[in-house]
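A.B. asks: Structure in structure tokens, see below.
The values are calculated or read from the model by the stated rules, or taken from the named source; none is laboratory data. Source: prediction; values computed, not measured. We place every Cβ from the backbone using ideal geometry, glycine too, and count neighbours over all the protein chains shown.
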Amino acid sequence: MDKVLFRQAIGKFLSGLLLVGLLLFLPAGTFAYWQAWLLLGVLFVPMFFAGLIMLRRSPELLRKRLSAREEQMEQKSVLLLSGLMFLAAFLLAGLDRRFHWSLLPRAVSWTAAVIFLLAYALYAEVLRENVYLSRTVEVQEGQKVIDTGLYGLVRHPMYTSTVFLFLSMPLILGSLPAFAVMLLYIPIIVKRIRNEEAVLAEGLPGYADYMRRVKYRLVPHLW
């Protein structure tokens, strides 16, 4: 096992757990926020075990995803908007818990948690299918077009999974204001996809032909 990579992964995992916890529990003013504990569970427990599996089976992929830095200015703006969206959504969810703005049935949180886990499984399958998957928009050395499995249905199955992941989060937290904020992810990801496809069509041989063969980006027969 690569001990340096392990320490890097654990450090990022714990810092992410602490940050999300602070963003939820501080504005809520209480630790008696069961929906927040539910979200932390479905988000970080699978993430921990997925990280261990990647560390053992695909350490280079894990290293690449941990150290990735976006270079394109347009994509940097997308990441900034995404970060602000998450910040606002989590803070609103905590305030929602404190002031009881949303009174959603418990079943909404549990149903959203199931959807989140299914989307997580979809994300894991995308990672398995595409060894070139990156957190940044780039064309890698030796990269080839992946057009089988989920990539034969839509061009960006990873983003399909993240739409379900992100939109289910505020529902797990039982917050309609936070859900309204998270809807901003849709135009944000559309902006990222358009830029990413322009980069890949220009720099990745065969990608333009792939775009003609697989018409839909996120959802079959929709977009």
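A.B. asks: With the condition kept exactly as written, say whether any residue in the stretch 27-39 is assigned to a helix (DSSP H, G or I), in contact with a Ser or Thr (Cβ under 7 Å, 6 or more places away or on another chain) and modelled with pLDDT of 95 or more. Working first, answer last.
C.D. replies: Here is the first cut: in the stretch 27-39, the residues assigned to a helix (DSSP H, G or I) are 27-28, 34-39.
If we keep only those that are in contact with a Ser or Thr (Cβ under 7 Å, 6 or more places away or on another chain) too, we end up with 35, 38.
Imposing the further condition that a residue be modelled with pLDDT of 95 or more reduces the set to 35, 38.
Yes, some residue in the stretch 27-39 is assigned to a helix (DSSP H, G or I), in contact with a Ser or Thr (Cβ under 7 Å, 6 or more places away or on another chain) and modelled with pLDDT of 95 or more.
A.B. asks: Exactly one condition in (1) without any contact (Cβ under 8 Å) to a residue 24 or more places away in the chain; (2) charged (D, E, K, R); (3) crowded, with 18+ Cβ neighbours inside 10 Å is false for K215; which is it?
C.D. replies: (3)
A.B. asks: While we're here: Kindly indicate whether any position in the stretch 198-212 is surrounded by fewer than 19 Cβ atoms within 10 Å (Cβ to Cβ) and within 19 Å of Y123 (Cα to Cα).
C.D. replies: Among the residues of the stretch 198-212, not one is surrounded by fewer than 19 Cβ atoms within 10 Å (Cβ to Cβ) and within 19 Å of Y123 (Cα to Cα), which makes the answer no.
A.B. asks: Take the stretch 128-142 and flag every residue that is modelled with pLDDT of 55 or more and within 19 Å of M54 (Cβ to Cβ).
C.D. replies: Listed by number, the residues that qualify are R128, E129, N130, V131, Y132, L133, S134, Q140.
A.B. asks: Follow-up. Show the residue pairs that are 6+ apart or on different chains and have beta-carbon atoms under 6 Å apart, the first residue being within the stretch 99-117 and under 19 Å from A28 (Cα atoms), the second being assigned to a helix (DSSP H, G or I).
C.D. replies: S102/D96; S102/L176; S109/Q35; S109/I172
A.B. asks: Oh, and also: Filter the stretch 13-36 down to the residues that are out of contact with any Gly (no Cβ under 9 Å at 6 or more places or on another chain) and surrounded by 14 or more Cβ atoms within 10 Å (Cβ to Cβ) and list them by number.
C.D. replies: L17, V20, G21
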